[in-house]
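Chemist: My questions will all concern the structure given below.
Just so you know, all these numbers are worked out from the coordinates, no wet-lab data involved. This structure is a prediction, so every number in the text was calculated from the model and none was measured. Every residue, glycine as well, gets a Cβ built from its backbone with ideal geometry; the counts of neighbours run over all protein chains shown.
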Ligand code: FE
């Protein structure tokens, strides 16, 4: 595997694990505030991000490339409102999308067809991640200061279940 692509995928593994850490931090933040449904949503997100890291981890090994684990940067520990957390979520997912697109660009330049193919799953996944983040963000904007709205939204997010990523099976 091309060294630039190897480095970019290693950076992506770190970014996915950092994402997991970020969402777990959001999860505990909302548990502490009694918003258990929103917390559940972020805890499921935490598991999905770990899957993303593992898909790349396995892919690197399949290609005979070396996974190099770097330190995980610290994350915020406090979000004053669901609005703040979902704003951060959307902004973060947009950054992740740009990173995935960059790996794909490097793979195209290097004529690395296998990596391009692996990136297809991530490109599709990022469309879903951004859509979901936008959906949650517009919901909390609509709810504003309405306690009943927040109560119902929290209940809805409490129903989210974790399913292992198809690309890991
Ligand atoms: Fe991810």
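Chemist: Checking residue 1 against (1) assigned to a helix (DSSP H, G or I); (2) closer than 16 Å to residue 114 by Cα, which single condition isn't satisfied?
Modeler: Only one criterion is unmet by residue 1, namely (1).
Chemist: Okay, moving on. Residue 51 - would you say it is over 30 Å from residue 149 (Cβ atoms), surrounded by 15 or more Cβ atoms within 10 Å (Cβ to Cβ) and either without any contact (Cβ under 8 Å) to a residue 40 or more places away in the chain or within 12 Å of the ligand (Cβ to nearest atom) (or both)?
Modeler: Criteria met by residue 51.
Chemist: Also, quick follow-up: Could you please find all residues in the range 54-70 being more than 12 Å from residue 9 (Cα to Cα) and free of Cβ contacts under 8 Å to residues at least 12 places away in the same chain?
Modeler: 62
Conditions tested, residue by residue: (1) surrounded by fewer than 20 Cβ atoms within 10 Å (Cβ to Cβ); (2) closer than 27 Å to residue 153 by Cα.
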position: 4; (1), (2): yes, no
position: 19; (1), (2): no, yes
position: 22; (1), (2): no, yes
position: 25; (1), (2): yes, yes
position: 28; (1), (2): yes, yes
position: 31; (1), (2): yes, yes
position: 35; (1), (2): no, yes
position: 39; (1), (2): no, yes
position: 42; (1), (2): no, yes
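Chemist: Just to check your reading of the model, which residue among 135, 169 is free of Cβ contacts under 8 Å to residues at least 24 places away in the same chain and closer than 17 Å to residue 44 by Cα?
Modeler: Exactly one residue qualifies, and that residue is 135.
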